[in-house]
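**Student:** Dropping a structure here in structure tokens format, bear with me for questions.
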Amino acid sequence: MTMLGLVLVIEDEVDLATTLEYNLKSEGFQVRVAHTGRQGMASATSDPLPDVIVLDLMLPDLSGTEICRKLREAERTRDIPVIMCTAKGEEIDRVVGFEVGADDYIVKPYSVRELMLRIKALLRRAHRVEGEPSLIRFGRLKIDRDAHRAWVDEVEISLTALEFRLLHAFLSRRGRVQSRDALLSDVWGIEADITTRTVDTHVKRLREKLGEAGAYIETLRGVGYRFRDQPDEATV
């Protein structure tokens, strides 16, 4: 059987973790399991690095949000896709998960089959940009896709992992209209169960961080957003 990748499961419910491990291996994945946050952090940074991390929000020592934040701050682990799992289902909890850098969010109880589909979708999304140049310049803006870094007028700006994906989605499709639903699908992940208001909130924050270069992102009322086709159409 061809191995699809290495999945790290950080889950304190032993029965659930065992079930996930069995099903993931049956699908062709390699699996590591950790039952505490500290064990999970150690496993996440051990070679070979995992291809995807399934992270429970409520752990006995470190919270899932704290683990996700630490993973995103470390250069070795900041690009590893993370699916956050929790029994909480309120939108505010999902938004917090995305804010700290989670790539997808699934609410317990969930079907193992649904989790498998989300893992495979994340792996496809992580690899589909291969072959694209890492460094992209547009007017006053520059981004390094592989390093997850961005600059305006050669001054680096601090973006969350989700804000960077949003900026990259805009920049890679400049001149094309992006509906809120399309952005939810491509940036948050097709399974993300959040409202389109979240898109507006993140676009607003991204514009603020970009400063005058935020004018590159146009709002098309009733339609969505569009990144300008030419930089000289925006600020000078």
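The values are calculated or read from the model by the stated rules, or taken from the named source; none is laboratory data. This structure is a prediction, so every number in the text was calculated from the model and none was measured. Backbone-built Cβ (ideal geometry, glycine too); neighbour counts: all protein chains shown.
**Student:** In the range 1-34, what count of residues is obtained for those that are surrounded by fewer than 18 Cβ atoms within 10 Å (Cβ to Cβ), out of contact with any Gly (no Cβ under 7 Å at 6 or more places or on another chain), part of a loop (DSSP other than H, G, I, E, B) and on the phi < 0 side of the Ramachandran plot?
**Tutor:** Of the residues in the range 1-34, 2 are surrounded by fewer than 18 Cβ atoms within 10 Å (Cβ to Cβ), out of contact with any Gly (no Cβ under 7 Å at 6 or more places or on another chain), part of a loop (DSSP other than H, G, I, E, B) and on the phi < 0 side of the Ramachandran plot.
**Student:** Provide a single number: the residues in the range 19-60 that are without any contact (Cβ under 8 Å) to a residue 12 or more places away in the chain and over 22 Å from the mean Cα position of the chain (by Cα).
**Tutor:** 3
**Student:** Something else now. For the range 118-144, how many residues meet the condition of being modelled with pLDDT of 85 or more, within 21 Å of I83 (Cα to Cα) and among the aliphatic types (A, V, I, L, M)?
**Tutor:** 1
**Student:** Could you please find all residues in the range 48-75 being closer than 14 Å to E13 by Cα and of a type in the set (D, E)?
**Tutor:** Scanning the range 48-75 gives D56, D61.
**Student:** State whether one or more residues within the range 93-110 are part of a loop (DSSP other than H, G, I, E, B), over 28 Å from K25 (Cα atoms) and modelled with pLDDT under 90.
**Tutor:** yes
**Student:** A follow-up question, please. For the range 1-18, enumerate the residues that are at pLDDT 90 or above and over 21 Å from the mean Cα position of the chain (by Cα).
**Tutor:** D12, E13, V14, D15, L16, A17, T18
**Student:** Which of the following residues is surrounded by fewer than 16 Cβ atoms within 10 Å (Cβ to Cβ) and at pLDDT below 85: D186, D232?
**Tutor:** Going through D186, D232 in turn, the sole match is D232.
**Student:** For the range 145-165, give me each residue that is surrounded by 14 or more Cβ atoms within 10 Å (Cβ to Cβ) and either more than 16 Å from E99 (Cβ to Cβ) or at pLDDT 90 or above (or both).
**Tutor:** Listed by number, the residues that qualify are R145, R149, A150, W151, V152, I157.
**Student:** Starting from residues that are without any contact (Cβ under 8 Å) to a residue 24 or more places away in the chain and part of a helix (DSSP H, G or I), keep the ones in the range 206-231 and report whichever is farthest from L162 (Cα to Cα).
**Tutor:** That would be A215.
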